[in-house]
Amino acid sequence: MRRVVVTGLGLVTPLGVGHKLNWERLVAGESGIRSISGFDASDLASKVAGQVPRGEGDGLFNPDTFVPPKDQRKMDDFIIFAIAAAHEAIKDSGWVPQTEEDRELTGVMVGSGIGGLPGIADGAVTLHEKGPRRISPFFIPACLINLASGHISIQHGFKGPNHAVVTACSTGAHAIGDASRLIMLGDADVMVAGGTEAAVSRLGVGGFAAMRALSTNFNDTPEKASRPYDKDRDGFVISEGAGVVVLEELEHAKKRGAHIYAEIVGYGLSGDAYHISAPAEDGNGGFRAMRGALKRAGLNPEDIDYVNAHGTSTPLGDEIELGAVKRLFGSAVDKLTMSSTKSAIGHLLGAAGAVEAIYSIKAINHSLVPPTLNLENPSESCLGVNLVPKVAQERRVRAALSNSFGFGGTNASLVFKEFA
Amino acid sequence: MSDVAERVKKIVVDHLGVEEAKVTENASFIDDLGADSLDTVELVMAFEEEFGCEIPDDAAEKILTVKDAIDFIKANAAA
């Protein structure tokens, strides 16, 4: 099987735009969670979110940089975030196809959990108030999930596989895993892969709040709201953004002298077959996804130095994931370092797996493990696991495993290995 | 009614993001101003909103240039 490496990174998150800046802020223990702005949250149960900081200047997101203003109404924000993250990742990789064959062997697989929810909400209001003749001809293409991949391919002329994953909060991880397999099987030499989400809206927050999935006890102290593994955790914090990587066949990357961040060596998938939103109590789904990823990687638990947890800060989910990690790692858990970067950025839903894959790769590159913020009073089940409370820890990371679990009982684990 | 032309041109400039100088009466939305088929649908909707008229699909299909739009609106709109 052909080997696949990561040669480009791109991030748009509540911590800002750019993978270097994201990492600096993440390991410094900064939080991107704030009071909701941009729409009325006064009657919503959860009033905090991780919103991408907008404006002009270093790390701030200005859509005009990526999409001409006249075209912005043709796409919902999740597409613009994806375009922005892809722009950084592609530039970072230095990959510019020169021939038609190059273009045909370069594909895109950027998914989203929900897609254009704000646009769908607005469209429904237009239909209701003004009738069908007032629906914009751009309504459908602005909201369709695969239009993120579509726009990226159009902008850059990538004519290879064009695909989009939709697996709720596992989307970003599945996209990177599936794209790597397209390269392994020879369908492409280069894939632009990841996830994007922009559902921090009245309908989005209202919907997740209706499921009682969101944090509601920290509306006055937003930075404290996302606290995975802490006794006081009370639900996840909804966030937005995008993470995109450039994946490349090893020899293709070497031949052009590309910088290689890491090798993707493992990918495991599973289904819970249990419940639409709750994870199976025995953690078997997550367990099998991790075990499958390790098997594919040809690694043992003791070879993994860092786990970037799914760790959303829900009472049930964190506990179950921790149990599955303990069961899989056995005595190797003593030397393991595990953290949830959702403590800093909240839950980016369909983008989470891709953003966290990038953070995992950065941990390998910098020999530095990002912290779990707000972990003040760990749950009793956390005993014996180094969850990197509040402050980043220096350590060599030979290989990192990143978990993503989604509604519907869909699980994905990715393993990245240092490239020497 | 002379301002109909100005109002039409302004809508075209805003929606297609083109320079005002390019929006001559004979300019074709698709061939000269870079519009695609969806842009032209949206333009017709904008004309309907601005001038409070309804432009049926068969009439809209014949509105290909700035002048076509001005002529239709002058003949059919009250405002």
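The values are calculated or read from the model by the stated rules, or taken from the named source; none is laboratory data. Just so we're clear, the structure is a prediction, and the values are computed from it rather than from any experiment. Positions of Cβ are generated from backbone atoms using ideal geometry, with glycine treated the same way; all protein chains shown enter the neighbour counts. SASA here: full protein model, heavy atoms, side chains in, ligands and nucleic acids out. Shrake-Rupley method; radii C 1.70, N 1.55, O 1.52, S 1.80 Å.
Would you mention how many residues in segment A:131-181 are within 14 Å of another protein chain (Cβ to nearest Cβ), open to solvent by 20 Å² or more (accessible area, probe 1.4 Å), touching a residue at least 60 places away in the same chain (Cβ under 8 Å) and more than 22 Å from the chain's Cα centre (by Cα)? Within segment A:131-181, residues that are within 14 Å of another protein chain (Cβ to nearest Cβ), open to solvent by 20 Å² or more (accessible area, probe 1.4 Å), touching a residue at least 60 places away in the same chain (Cβ under 8 Å) and more than 22 Å from the chain's Cα centre (by Cα) number 2. Checked against (1) within 10 Å of chain A (Cβ to nearest Cβ); (2) touching an Asp or Glu at 6+ places or on another chain (Cβ under 9 Å), B:Ile70 meets all criteria but (1). Residue pairs whose Cβ atoms lie under 8 Å apart, separated by 6 or more positions or on different chains, with the first residue in segment A:332-350 and open to solvent by 10 Å² or more (accessible area, probe 1.4 Å) and the second at pLDDT 95 or above and among the β-branched types (Val, Ile, Thr), are A:Ala332/A:Ile304; A:Val333/A:Val325; A:Val333/A:Val385. Name the one entry in B:Ala46, B:Ala35 that is within 14 Å of another protein chain (Cβ to nearest Cβ), under 12 Å from the mean Cα position of the chain (by Cα), in a loop (DSSP other than H, G, I, E, B) and on the phi < 0 side of the Ramachandran plot. Just one listed residue meets the conditions, B:Ala35.
Does segment B:46-54 contain at least one residue that is more than 29 Å from A:Val67 (Cβ to Cβ), open to solvent by 30 Å² or more (accessible area, probe 1.4 Å) and hydrophobic (A, V, I, L, M, F, W, C)? Within segment B:46-54, not a single residue is more than 29 Å from A:Val67 (Cβ to Cβ), open to solvent by 30 Å² or more (accessible area, probe 1.4 Å) and hydrophobic (A, V, I, L, M, F, W, C). Would you check which residues across segment A:56-81 are within 14 Å of chain B (Cβ to nearest Cβ) and exposed (fewer than 13 other Cβ atoms within 10 Å of the Cβ) and list them? A:Asp64, A:Pro68, A:Pro69, listed by residue number. The one condition from (1) open to solvent by 10 Å² or more (accessible area, probe 1.4 Å); (2) in contact (Cβ under 8 Å) with a residue 60 or more places away in the chain that A:Asp220 does not meet is (2).
At least 1 residues being under 14 Å from the mean Cα position of the chain (by Cα) and under 21 Å from A:Trp23 (Cβ atoms) is the threshold, and among the strands (runs of 3 or more DSSP E) wholly inside segment A:324-420 those reaching it are A:399-406, A:410-417.
Within segment A:85-95, can one find any residue that is of a type in the set (Val, Ile, Thr), open to solvent by less than 10 Å² (accessible area, probe 1.4 Å) and either under 24 Å from A:Leu144 (Cβ atoms) or part of a loop (DSSP other than H, G, I, E, B) (or both)? There is no residue in segment A:85-95 that is of a type in the set (Val, Ile, Thr), open to solvent by less than 10 Å² (accessible area, probe 1.4 Å) and either under 24 Å from A:Leu144 (Cβ atoms) or part of a loop (DSSP other than H, G, I, E, B) (or both).
Taken over segment A:38-55, the criterion of being closer than 17 Å to A:Phe218 by Cα and open to solvent by 50 Å² or more (accessible area, probe 1.4 Å) is satisfied by A:Ser42, A:Asp43, A:Ala45, A:Lys47.
Give the residues of segment A:121-130 that are open to solvent by less than 60 Å² (accessible area, probe 1.4 Å) and either facing chain B (nearest Cβ under 10 Å) or touching a Leu at 6+ places or on another chain (Cβ under 6 Å) (or both), sorted by residue number. Don't jump to the end; show me each part of the working.
Restricting attention to segment A:121-130, the residues satisfying the condition of being open to solvent by less than 60 Å² (accessible area, probe 1.4 Å) are A:121, A:123-124, A:126.
Residue satisfying the conditions is A:Ala121 alone.
In this structure, A:Glu263 does not satisfy being in a helix (DSSP H, G or I), charged (D, E, K, R) and either touching a residue at least 24 places away in the same chain (Cβ under 8 Å) or surrounded by fewer than 24 Cβ atoms within 10 Å (Cβ to Cβ) (or both).
Among (1) buried (at least 24 other Cβ atoms within 10 Å of the Cβ); (2) touching a Phe, Trp or Tyr at 6+ places or on another chain (Cβ under 6 Å); (3) of a type outside the set (Asp, Glu), which single condition is A:Ser226 missing? Every condition holds for A:Ser226 apart from (2).
Where residues in segment B:1-32 are within 10 Å of chain A (Cβ to nearest Cβ), in a helix (DSSP H, G or I) and open to solvent by 20 Å² or more (accessible area, probe 1.4 Å), which of them is modelled with the highest pLDDT? It comes out as B:Val13. The number of residues in segment A:381-399 that are open to solvent by 40 Å² or more (accessible area, probe 1.4 Å), at pLDDT 95 or above and of a type outside the set (Val, Ile, Thr) comes to 8. Taking segment A:219-230 as the range and being assigned to a loop (DSSP other than H, G, I, E, B) and acidic (Asp, Glu) as the test, only A:Asp220 passes. Tallying residues that are part of a loop (DSSP other than H, G, I, E, B) and of a type outside the set (Gly, Ala, Ser) within segment A:1-48 yields 13.
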